[in-house]
Amino acid sequence: MRTDTVLELRDVHAAYGKSEVLHGVSLHVRAGEIVSILGRNGMGKTTTLNAIVGLLPVSAGSVHFEGRDLAGMGVEAIAQAGIALVPADRGIFQLLSVEENICIALRRHAEWTLEGVYRAFPRLRERKRNLGGALSGGEQQMLAMARALVQGPRLLLLDEPTEGLAPVIVDELTTLIADVGRSGVPIVMVEQSFEVCEALAGRHYILEEGRVVFEGTTAELQSDAGLLQRYLGLDVET
């Protein structure tokens, strides 16, 4: 493992019951970078994130975080180790206020404080007394991200952060995610929007039926129209 590698998956296999979904996924994330995982629906992207955080057992291969093998660690222990997941369903407590949702996750000595996330997400300050269930989809996504950040993560996993959101909200969230990345928190992002991935990530992985079929930089990905068409269904002029 390179000395600047924060996360490394080595030949990871994982299954739901008897149905194997990941068939030897290998990827790595370096300190301070944003990496995207692309692919059509049902190709194993969310499953990869679930395997990293322990929501799904790894049946073969290994997951290393900051040089530590996560094998046998439970979800809570992995979170305590410094990995935070923002799931696609956002996991907002509907009957708690915005501020209560944040404070319930707040950890002492975390770099991101309540005031810090309010500065980064000013809309949340405006809505701090609103119930989580009363927020718009974009506001709920901001709240989910804020709640993850106050846990003090050393790696942030985002599952479909812009799904179903209006373009103006997508633009706002893209800016916010870039700001988080610039703060030094490495990010792994599962995202359907190729445009969002282009804007944020420096490297990309494409999954096809639980296998990595591409790993490369944004320039390499953009230069291969055939790859984009075959695995992402995109018609891109190069």
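The values are calculated or read from the model by the stated rules, or taken from the named source; none is laboratory data. The structure presented is a predicted model; accordingly, all values stated were derived computationally and were not measured. Positions of Cβ are backbone-derived with ideal geometry, glycine not excepted, and every protein chain shown enters the neighbour counts.
Each row is one residue, and each column tells you yes or no for (1) under 24 Å from Glu163 (Cβ atoms); (2) at pLDDT below 95.
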| position | (1), (2) |
| --- | --- |
| Arg2 | no, yes |
| Gly17 | no, yes |
| Ile37 | yes, no |
| Leu49 | yes, no |
| Gly72 | no, yes |
| Glu100 | no, no |
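Listed residues Ala71, Ala77; which is farther than 20 Å from Gly181 by Cα, touching a Ser or Thr at 6+ places or on another chain (Cβ under 7 Å), without any contact (Cβ under 8 Å) to a residue 24 or more places away in the chain and among the aliphatic types (A, V, I, L, M)?
Every option except Ala71 fails the conditions.
Given Thr113, Thr174, which one is under 17 Å from the mean Cα position of the chain (by Cα) and either assigned by TED's automatic domain parsing to the domain that holds His64 or touching a residue at least 12 places away in the same chain (Cβ under 8 Å) (or both)?
Thr174
Restricting to region 94-130, name every residue that is part of a loop (DSSP other than H, G, I, E, B) and of a type in the set (Val, Ile, Thr).
Within region 94-130, Ile104, Thr113 meet the criteria.
Please enumerate the residues belonging to region 204-225 that are surrounded by fewer than 13 Cβ atoms within 10 Å (Cβ to Cβ) and among the small types (Gly, Ala, Ser).
Within region 204-225, Ala219 is the sole residue that qualifies.
Gly133 passes all but one of (1) more than 30 Å from His109 (Cβ to Cβ); (2) in a helix (DSSP H, G or I); (3) touching a helix residue (DSSP H, G or I) at 6+ places or on another chain (Cβ under 8 Å); which number fails?
In the conditions (1) more than 30 Å from His109 (Cβ to Cβ); (2) in a helix (DSSP H, G or I); (3) touching a helix residue (DSSP H, G or I) at 6+ places or on another chain (Cβ under 8 Å), Gly133 misses (3) alone.
Filter region 147-161 down to residues that are surrounded by fewer than 24 Cβ atoms within 10 Å (Cβ to Cβ) and over 20 Å from Arg68 (Cβ atoms) and give me whichever is farthest from the chain's Cα centre (by Cα).
Val150
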